[in-house]
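Asker: For reference, the structure I am asking about is given below.
The values are calculated or read from the model by the stated rules, or taken from the named source; none is laboratory data. No experiment lies behind these values; they were computed from the predicted model shown. Please note: Cβ atoms are built from the backbone with ideal geometry, for glycine as well, and neighbour counts cover all protein chains shown.
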């Protein structure tokens, strides 16, 4: 992965209901555990294997940030933000390779 991936979607529910979906690992794979404590580790299993998760930030019903990787793929950072939009919730998801973030923080283009 060399670019940042960004997606947005709206769900017909409140941010607290959308939060429950974000923390359900089955939207990422078949099974897993997504903790809500910064620094905690979790996992998600799919048909390709296990992704190991380290939680960076949690702001309940608003923001969930984690890093994840497999033994075969480079780690990435995922940021999920929830925003109320009327009676719906907009979910913004960005995933970036860790090396892109490091370059950006050092001022490289």
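Asker: What's the total number of residues in the stretch 41-61 that are over 12 Å from the mean Cα position of the chain (by Cα) and within 20 Å of residue 15 (Cβ to Cβ)?
Answerer: So the count comes out to 3.
Asker: Let me ask something else. For residue 39, indicate whether it is out of contact with any strand residue (DSSP E or B) (no Cβ under 9 Å at 6 or more places or on another chain), at positive phi, free of Cβ contacts under 8 Å to residues at least 24 places away in the same chain and loosely packed, with under 15 Cβ neighbours inside 10 Å.
Answerer: Details: out of contact with any strand residue (DSSP E or B) (no Cβ under 9 Å at 6 or more places or on another chain): no; at positive phi: yes; free of Cβ contacts under 8 Å to residues at least 24 places away in the same chain: yes; loosely packed, with under 15 Cβ neighbours inside 10 Å: yes.
Against the criterion (out of contact with any strand residue (DSSP E or B) (no Cβ under 9 Å at 6 or more places or on another chain), at positive phi, free of Cβ contacts under 8 Å to residues at least 24 places away in the same chain and loosely packed, with under 15 Cβ neighbours inside 10 Å), residue 39 does not qualify.
Asker: Within the stretch 20-30, identify whether any single residue is touching a residue at least 12 places away in the same chain (Cβ under 8 Å), outside any strand (DSSP E or B) and over 23 Å from residue 71 (Cβ atoms), and answer yes or no. If you could, list the steps in order and put the result at the bottom.
Answerer: From the stretch 20-30, those touching a residue at least 12 places away in the same chain (Cβ under 8 Å) are 22-23, 25, 28-30; that's our starting set.
Next cut, outside any strand (DSSP E or B) only: 22-23, 25, 28-30.
If we keep only those that are over 23 Å from residue 71 (Cβ atoms) as well, we get 22-23.
Yes: the stretch 20-30 contains one or more residues that are touching a residue at least 12 places away in the same chain (Cβ under 8 Å), outside any strand (DSSP E or B) and over 23 Å from residue 71 (Cβ atoms).
Asker: Under 11 Å from the mean Cα position of the chain (by Cα), part of a strand (DSSP E or B) and surrounded by fewer than 16 Cβ atoms within 10 Å (Cβ to Cβ): does that describe residue 93? Quick ask: steps written out before the conclusion?
Answerer: Values: under 11 Å from the mean Cα position of the chain (by Cα): yes; part of a strand (DSSP E or B): yes; surrounded by fewer than 16 Cβ atoms within 10 Å (Cβ to Cβ): yes.
When the stated conditions are applied, residue 93 passes them.
Asker: Residues 71, 108: which one is in contact with a strand residue (DSSP E or B) (Cβ under 8 Å, 6 or more places away or on another chain), in a loop (DSSP other than H, G, I, E, B), at pLDDT below 90 and more than 19 Å from residue 37 (Cα to Cα)? Explain how you work it out, then say what you get.
Answerer: Working: 108 fails: in contact with a strand residue (DSSP E or B) (Cβ under 8 Å, 6 or more places away or on another chain).
Answer to the check: 71.
Asker: Read through the list (1) loosely packed, with under 14 Cβ neighbours inside 10 Å; (2) touching a strand residue (DSSP E or B) at 6+ places or on another chain (Cβ under 9 Å), then give the number of the only condition that residue 60 fails.
Answerer: (2)
Asker: Consider the stretch 43-57. How many of its residues are in contact with a strand residue (DSSP E or B) (Cβ under 8 Å, 6 or more places away or on another chain) and either in a loop (DSSP other than H, G, I, E, B) or surrounded by 18 or more Cβ atoms within 10 Å (Cβ to Cβ) (or both)?
Answerer: Step one: list which residues in the stretch 43-57 are in contact with a strand residue (DSSP E or B) (Cβ under 8 Å, 6 or more places away or on another chain), which gives 43-45, 50-57.
Those still in the list that are either in a loop (DSSP other than H, G, I, E, B) or surrounded by 18 or more Cβ atoms within 10 Å (Cβ to Cβ) (or both) too: 44, 51, 53, 55.
The total comes to 4.
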